[in-house]
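**Q** Attaching a single structure in structure tokens format; questions to follow.
The values are calculated or read from the model by the stated rules, or taken from the named source; none is laboratory data. All values derive from a computational prediction rather than experimental measurement. FYI the Cβ positions are ideal-geometry reconstructions off the backbone, even for glycines, and counts take in every protein chain you see.
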Amino acid sequence: MAGTRVALLAGLVALGAVAVACGGDSDSRQAKAPTKTGRAVDPTGSDDQSRCDFKGRNDREVRESTGFGSFQPNIRRVYKIVGEGVDARRVVQCREVDSNLDGMKDVVRIYDDKGEAFKEQADADFNGQVDTWITFASGRMAKVELDKNGDGKPDQFKHYIRGKLRRIERDSNFDGKPDVWEIYAGGVLERMGVDLDHDGHVDRWDRDQVAVRMAAERERKLEEEAEAKKKAKAEAADGGTDAYVSPRNR
């Protein structure tokens, strides 16, 4: 009986060793798990339409992570190794995401050498073709280009100043030239110009006077609050005791 028990125990140990050798750990199961389309995603990025530049490069470090709702890594960050020895450090260069969990990366953001966002591309309708291009300035969104008719070229352009929408240009007939211009103030449409004969010049401006007044009033309030905060900060630096409270919170 004792010999039987010893043999049984040895068999169980052997089975456990086989399971480990075959990749029974959680990372292996996660990497080989099928996506919603039934395909297994190669975690090295060889078949997931990766746009990050890291393959075959010794000066890049790749890290994979799993986002909410995903059972396998769907976020990839690529870092550039700068400096040597004790001065070596990682600076993010690229980040890409499979946002709809179909196994293909559909959003990629590129960073500059300071680690600030520089540009981004996205496949918003998940058809395998880039249709959104974003440009950043000082880490803030400066321009968004959209392809609305699926020809691979942008036909809508959104311009931002300090992260706020200021102007939209639309190519409504898809001839490669804008024919509608929308001007915004305080996040509100102020006026819209239309090129009726498509000669590149505005033929008619439509102005929303109510929107203009609302935008002006909003800008005025924002300026007042900013000035009040600046004043409160200066008083606090001088030893003042009264903290600023926003009119909205009074």
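**Q** Kindly indicate whether any position in the range 88-105 is within 29 Å of Gly150 (Cα to Cα), under 18 Å from the mean Cα position of the chain (by Cα) and surrounded by fewer than 16 Cβ atoms within 10 Å (Cβ to Cβ).
**A** Checked the range 88-105: at least one residue is within 29 Å of Gly150 (Cα to Cα), under 18 Å from the mean Cα position of the chain (by Cα) and surrounded by fewer than 16 Cβ atoms within 10 Å (Cβ to Cβ).
**Q** Could you pull out the residue among Asp203, Asp179, Asp171 that is touching a His at 6+ places or on another chain (Cβ under 6 Å), at pLDDT 90 or above and not β-branched (Val, Ile, Thr)?
**A** Unique residue meeting the criteria: Asp179.
**Q** Looking at Val62, Val82, Val86, Val92, which is the one that is of a type in the set (A, V, I, L, M, F, W, C) and in contact with an Asp or Glu (Cβ under 9 Å, 6 or more places away or on another chain)? Steps first, answer last, please.
**A** Values: Val62 fails: in contact with an Asp or Glu (Cβ under 9 Å, 6 or more places away or on another chain); Val86 fails: in contact with an Asp or Glu (Cβ under 9 Å, 6 or more places away or on another chain); Val92 fails: in contact with an Asp or Glu (Cβ under 9 Å, 6 or more places away or on another chain).
That would be Val82, the only listed residue that is of a type in the set (A, V, I, L, M, F, W, C) and in contact with an Asp or Glu (Cβ under 9 Å, 6 or more places away or on another chain).
**Q** Filter the range 74-87 down to the residues that are surrounded by fewer than 19 Cβ atoms within 10 Å (Cβ to Cβ) and not in a strand (DSSP E or B) and list them by number.
**A** Gly83, Glu84, Gly85, Val86, Asp87
**Q** Just give me the residues in the range 190-208 being of a type in the set (Gly, Ala, Ser) and either more than 15 Å from Arg166 (Cα to Cα) or in contact with a Pro (Cβ under 6 Å, 6 or more places away or on another chain) (or both), in sequence order. Talk me through it step by step, then tell me what you get.
**A** Initially, the range 190-208 is screened for residues of a type in the set (Gly, Ala, Ser), giving 193, 200.
Matches in the range 190-208: Gly200 only.
**Q** Can we say Lys230 is surrounded by fewer than 15 Cβ atoms within 10 Å (Cβ to Cβ), under 34 Å from the mean Cα position of the chain (by Cα) and modelled with pLDDT of 90 or more?
**A** no
**Q** Which condition from (1) modelled with pLDDT of 50 or more; (2) closer than 22 Å to Gln121 by Cβ; (3) among the β-branched types (Val, Ile, Thr) is the one that Ile81 breaks?
**A** (2)
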